[in-house]
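We did not get these values from a lab; they are worked out from the coordinates using the rules stated. Only a predicted model underlies this, so the values are computations on that prediction, with no experimental measurement involved. Counting neighbours? That spans all protein chains shown, and the Cβs are built from the backbone with ideal geometry, glycine included.
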Amino acid sequence: MAASAISRQISSLEHELDCVLLERRSDGVALTPAGERLRAHGIKIYAQIQLVRSDIDELRAVHRGSIRLATVEGITENYLPQIMTEFGEIYKDVSFEIRVASRDGIVDALDRYETEIGFVYDFTSHPTVDVIAHYLQPLHAFVPRGHPLAGGQRIRLRELLDFDHVLPDASFGISQLVNRIAKKERATVSPKVTGNTLQFLRRFAILNAAVVFMPVQAAYSDIRDGLLVPVNLDCDAFEHRKLSIAVRRQRDLSPATLLFSQFARDRFDAWQELDRVALAQARTRSWTA
């Protein structure tokens, strides 16, 4: 659209609402407080329009539409693409829109109606977010083969952190959990590298003989190929970590989104068992004790 056309529409809207929506400055524009409120309402209205479209499609007995997902990176290598593929083979007219974010970013996206379903680690509580299912995904420490800790000797986190290690940035639940337990054990967390992508951290750890923290899901290929070996870590707090399916409280989901959330939940048990088997096989193959 031409800038002049957009400007006329905004001016018309400001006249109708009797307020200023944009601050016009020499370096561009910014939303006023009234503009921010209008934007928040607009996001909710858009979500409701999408729901109306999906409901009309449902009347035609057609499962179609776009499902918006926000997910942690840890399930993007195996679980999520696999179940999306299976779902797409059944409901061929459904499309997906996906964003990968940290736990905090996903909760914010749900809160602001920017996504319909969130796959999130370490969720505790939020006033506008509900959890509909959990998938047990313990956090593990991994090292490259040939590392001094690759043989299966038992070690505590305090001792483990004396070795070179890498961590996601502070917005990740992994980093928050490691730092919380390290503080209790009076250990120092000094990662050689921090970053916002687990794939990079895995690759760096392999090349630099460093410890990397992640669930089995996030490292299937490297575990299967023997590039990463689980550490025999004595840390109960890591064992109870969960992946959750979260939705916006008091938000009506489209029929396709409801179908997919149920589809994903129904496959949690099977994938939890796959994680367990993959970890057991890696331990059997690598640990000498």
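Between 0 and 90 degrees, the angle of helix 268-286 with respect to the longest Cα principal axis of the chain falls at about 30 degrees. By DSSP, the beta bridges lying fully in the chain are antiparallel in about 55 percent of cases.
If contacts are Cα pairs under 8 angstrom and at least 6 residues apart, what is the relative contact order of the chain in percent? All intermediate terms of the calculation are to be shown ahead of the outcome.
Details: 458 pairs, mean separation 71.5, N = 289.
Result for the chain is 25 percent.
Measuring how big the chain is from its alpha-carbon positions, Rg and Dmax come out at 22.9, 76 Å. Dividing the Cα radius of gyration of segment 140-239 by its Kirkwood radius returns 0.92 for Rg/Rh. Packing here is the average count of other Cβ atoms within 10 Å per residue, and on that basis the peptides 135-143, 230-238, highest first, run 135-143, 230-238. Helix 198-208 and the longest principal axis of the C-alpha atoms of the chain enclose an angle of approximately 30°. A simple packing score, the average count of other Cβ atoms within 10 Å per residue, orders the peptides 15-22, 144-151 as 144-151, 15-22, with the highest score first. Relative intensity of segment 1-142 on a log10 scale, I(q)/I(0) at q = 0.17 Å⁻¹, equals -1.09, per a Debye sum over C-alpha point scatterers of equal strength in the absence of solvent. Enter the angle in degrees (range 0 to 90, nearest 10) between the Cα long axis of helix 173-184 and the first principal axis of the Cα atoms of the chain, meaning the one along which they spread out most. Helix 173-184 sits at roughly 50 degrees to that axis. Relative contact order of segment 140-239, taken over Cα pairs closer than 8 Å and 6 or more residues apart, is 48 percent.
Would you mind counting up the charge near residue 7? Only other residues with Cβ under 11 Å from its Cβ, with Lys and Arg at +1 and Asp and Glu at -1.
Around residue 7, the surrounding residues sum to +1.
The distance from the alpha carbon centre of segment 227-273 to that of segment 9-40 is 41 Å, rounded to a whole number.
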